[in-house]
Amino acid sequence: MKLSLLLFSCFILTAECFAQTHANQPAPVGFRSKDISAVDSIVNTFMRKYDVPGLSLVIAQRDTIKLVRTYGFADSAKKQPVDPDSRFRIASVSKPFTAAAIMQLIERGKLKLTDHIFGKGALLGTTYGSKPYTERVKAITVEHLLEHLGGGWGNSSEDPMFMHPEMNQAQLISWTLDNQPLGHEPGTNFEYSNFGYCLLGRVIEKVSGIKYADYVRKNILQPCGITTMEIGGNTLAERKPKEVLYYDKAENPYTMDQRRMDSHGGWIATPTDLVNFLTRVDKFPQQPDILKMETLTTMFTAPAVSPHYAKGWAVNSSNNYWHNGSLPGEQALAARINQNYCWAVMVNTRKEGDFARDLDELMWKVKGAIKQWP
């Protein structure tokens, strides 16, 4: 990366879905027509290669949104086009929002990175589980969860967040603590953990006294001018206004508990929402950031044990920060590039192989195709 089986017949893709892959709006004012034609050609090639029903992208330069481009269908059967207000599930791109909320609470003196999560006197105390906590569990800190260094509960095999759909959030946390022992000492081993970010959502609730989504909406989204993000629904019947349909040949996108995934993968958003957030945490000077510079530096600094992931963000030696998200029927990417660019792209399908890598590569190609920015 440069920043680097349930078959559901109603959502099987056909060639008819992809007859329209040209842009859904005219060329934007201020750009050269040949540059925009090159962008559209690049996107068209990607969409046809992977049979993508709909795609939406946004690029900001110097903290100002310059390019908003949408393609294809939000609903293929109804020939409803994707437009700039179309909302997509963003999956794990939710994690940077949770990380920013945690860092803000630290900045406000409500938390410390070294605070422990479980045990007597810890943030969540003994609220969850029915068995005595192990020493490893009691050793987990806020920082460990932010950096996926909690010692286990990863998504490589038995991800707790995709088990026991009959359980609510509290029941699942208790079950995991009782039944999934940690395989490593906290702080010693990187294991990407959706469950860890579920716990961070509960920390935010405990410290703030309000629901996770309400805290993020008031303290992170509103200061960024974002009003359209919310936690998504689970079923097709719970599809939100302006939300796209999701298409997947391999898995049913509508059998997951989006609400239970809130702080690790539950938000829906537009690419503009993501870019408006990125431009307020990017350390670029044109717009004031919602966190202090030293807080941002801490958030974007990776530990030695896992130098490619900081606190809610993938990072690299070029000072690029990003996160991708992937669920059945969905792929998303949000990135801050150390050349004064922020961008986001979303599609309403997911494919095997190099799909995620090529979606990342697509945005670099789009940026490269624009030889003259307005």
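Here, each number is a calculation from the coordinates, and none is a lab measurement. None of the values given here were measured: they were computed from a predicted structure. Note that we place each Cβ from the backbone using ideal geometry, even for glycine, and neighbour counts take in every protein chain shown.
Annotations for the structure displayed:
- Distance (nanometres) between label positions extended 7 Å along Cα→Cβ at Lys49 and Lys79: 2.9 nm
- Summary of packing: across the peptides 256-262, 90-96, 162-168, the per-residue average of other C-beta atoms within 10 Å ranks them, highest first, as 90-96, 256-262, 162-168.
- D_trans [Stokes-Einstein, Kirkwood Rh over alpha-carbon pairs] for the stretch 96-208, 37 °C, 0.692 mPa s, µm² s⁻¹: 235 µm²/s
- Per-peptide average of other Cβ atoms within 10 Å, ordering 196-205, 182-191 highest first: 196-205, 182-191
- A protection proxy built from the mean count of other Cβ atoms within 10 Å ranks the segments 211-217, 131-137, most packed first, as 211-217, 131-137.
- Positive-end residue, the chain charge dipole about Cα centroid, Cβ charges, pick of Met261, Ser326, Gln286: Gln286
- Assuming charge only on the beta carbon of Lys and Arg (+1) and of Asp and Glu (-1), the dipole of the chain about its Cα centre is about 880 debye to the nearest 20.
- The helix-based estimate of mean residue ellipticity at 222 nm for the chain, built from -39,500 (n - 2.57) per DSSP H run of four or more residues and divided by its residue count, is -8500 deg cm²/dmol to the nearest 500.
- Restricting the stretch 325-374 to trypsin sites (Lys or Arg not before Pro) in coil, as DSSP defines it, with at most 14 other Cβ within 10 Å: Lys371
- Rg [Å, one decimal], Dmax [Å, integer] - the chain, C-alpha atoms: 20.3, 66
- Using a Förster distance of 41 Å, the FRET efficiency for Lys34-Thr301 (Cβ separation, nearest 0.05): 0.50
- Other residues within the sphere of radius under 11 Å centred on the Cβ of Met161, judged by their own Cβ, net out at -3 (K and R +1, D and E -1).
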